[in-house]
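Data block below; observations after.
Where a number appears in this text, it was derived from the coordinates with a stated rule and is not lab data. Because the structure is predicted, anything quoted here is derived from the model rather than measured. Quick reminder, even Gly has a Cβ in these numbers, built from the backbone with ideal geometry, and neighbours come from all protein chains shown.
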C-alpha cells in the first residue's frame, strides 16, 4: 500500500507535537463508549461474544460427591492402618450415571470415574493397587479418608457467580456455562464497524491491474482483524482520492456503524483527504503519535460516530490497529479491561541506534538458542510496506524511546495470540 507522504514531491508541513503511545491509548479509551444493547443467544452460538451479565450456578457443581478415578469405594475404617492387604467382598457395581445403595460395612463397591459415592463410603482406592479374587477385592493401601473423591460444590456452589460480565466467551467459558445448566447467555450485540480504504491506486483482488494500480490488501487485513475480535463489519469499499467522495463515505459510515475505521489518506499530502473531510463533518482530536511504524493516526467523530483513520502502509496499519484500534474496540464491546500481556525475553538482535522520540515496534518471533532458551528475533526489513514481515512474525518486539539494545539484553515481547483476541 502507498506510503502516507506528500504526492507532489514537496515538503510536508511541519508536524505538530506528537502524543506518546501510552498517552494516546489513554486518550482513546476515555472516548470509547460500550454498546448498551444486549441479546440472548444459544450457548452454541455464544463463542466470541461478550457476556453482558454475570450468571450464577443454580446448583452445586458437581451436584454430589463423585469418584475421581476408576476403583473401589470403601470405608476407611475397613482398611488396615499400616496399609497391609485387606480383602473385602464387592457388593455392588456403580458406573457413571447410576446411583449406588448404601455401602455395607466390611464391603467394597466397584466404582467408575464420575459415579456418585455411595452413602457410607469415604474413600476410593484406585484399581491399580487392587487385585480381584472372584467376588472379592484385595486392597493394599492405608486409610485416607476423602482420597480420590470430588466433593459436591467443589467447582461451584449454588448461587455463586459462574462467569464475569465483560468476559469474551472462549470455549472453556461455554463449558462452564453448560456445567451450571445454562442453555442461553445474555451478550452485548456485536460492535458494528464500517471500513473503507482510500486511494485511486487500489483494486480488489481478482480484478485486472491497470497502470500504477495495486491490490487492496489493507481491506482484508482490517476485516480479518475486526472479525477476529468479534465485530460485525460493514464494507464500504475503496473511496477515490477526492474530498467530496471522502465526505460522502464518512456520512454513509456514520449512519450505519458504531465506529468508522479507515486506511490511508491520514497524512498531509494534497491527495490525503481524510483529515480535512473529518474536520468538515465533525471534529478531529488526535492525529500524530510518537510511534514507529505508524505515526499518522486520525481520531475524531462524524455525526457522533467515532472514527479511527489508520495509516496506509500495511505494516503500519497492522501495528497501529493492535496498539490503538484494538483497545478502543475492546472497551466499546463491553469487555472487562485487562493489562496487555507482555513477556521479557533476551533479544536475539542488536539495536544500536535509538529513536529519541518514538517507541519502536518490530515484527518479531521467538527462536530457541543452542540451550533451548527462547530469544526474540526480528525481521530483517524495517520497511512498513513489507507485509510479509507480519506473516513471518508471531508478535512485536517493543523498544522504548531512546533505548539501545545489545544481543542478550531483555526486551519486551507482545504475542499476536493475545493481541488478536
Take every Cα pair under 8 Å in the chain that's 6+ residues apart, average their separations, divide by the length, and report that relative contact order as a whole percent.
-> 17 percent
How high is the FRET efficiency between residue 104 and residue 154 when r is their beta carbon distance and R₀ equals 22 Å, given to the nearest 0.05?
-> 0.25
For the chain, calculated [θ]222 nm from helices alone, where every DSSP H run of n ≥ 4 adds -39500 (n - 2.57) = -4500 deg cm²/dmol
So the angle from the long Cα axis of helix 217-228 to the longest Cα principal axis of the chain, reported in degrees to the nearest 10, equals 30 degrees
Could you check which residue among 397, 228, 82 shows the biggest mean-square fluctuation in a GNM of the chain with a 10 Å Cα cutoff?
-> 82
Inter-centroid distance (Cα atoms) of segment 62-134 relative to segment 162-187, Å | 34 Å
Compare 382, 326, 49 in a GNM of the chain, Cα atoms joined below 10 Å, and give the one with the largest fluctuation.
-> 382
So if we plug the beta-carbon distance of residue 38 and residue 127 into 1/(1 + (r/R0)^6) with R0 = 60 Å, what FRET efficiency do we get, rounded to 0.05?
-> 0.75
Between residue 138 and residue 178, Cβ-based FRET efficiency (R0 30 Å, step 0.05) works out to 0.15
By DSSP, what percent of the beta bridges with both residues in segment 66-150 are antiparallel, rounded to the nearest 5?
-> 80 percent
By DSSP, what percent of the beta bridges with both residues in the chain are antiparallel, rounded to the nearest 5?
-> 70 percent
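Sort 231, 247 by Cβ crowding within 10 Å, fewest neighbours at the top.
By the 10 Å Cβ count, ascending: 247, 231.
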Relative to the longest principal axis of the chain, what angle (0 to 90°, nearest 10) does the C-alpha long axis of helix 243-254 take?
-> 20 degrees
Residue order, fewest to most beta carbons within 10 Å, for 150, 403 | 403, 150
Multiply the residue gap between residue 366 and residue 164 by 0.36 nm, knock off their C-alpha separation, and tell me the result in nm, one decimal place.
-> 69.4 nm
Dividing the alpha-carbon radius of gyration of segment 66-150 by 2.2 N^0.38 Å, where N counts its residues, gives 0.93
Label-to-label distance, nm, for residues given as residue 336 and residue 406 (7 Å Cα→Cβ offset) = 4.4 nm
On each of the three principal axes of the Cα atoms of segment 343-419, give max minus min coordinate, whole Å, ordered largest first.
-> 35, 26, 22
If we count other beta carbons within 10 Å of each Cβ, what is the order of 126, 149, fewest first?
-> 126, 149
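How much of the DSSP bridge set in segment 291-385 is antiparallel, in percent, rounded to the nearest 5? List each step's numbers first, then the result.
Working: 10 of 13 bridges.
Taking every DSSP beta bridge within segment 291-385, about 75 percent pair in antiparallel fashion.
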Say we join alpha carbon atoms closer than 10 Å with springs in a Gaussian network model of the chain; which of 223, 340, 201 then has the biggest fluctuation?
-> 340
Taking a label point 7 Å from the Cα of residue 220 along Cα-to-Cβ, the residues of segment 227-260 whose backbone nitrogen sits under 16 Å from it are 227-228, 237-238
Quick one: what do you get for the chain if you divide its Cα Rg by 2.2 N^0.38 Å?
-> 1.38
For segment 199-223 and segment 242-293, what is the separation of their Cα centres, given in Å?
-> 19 Å
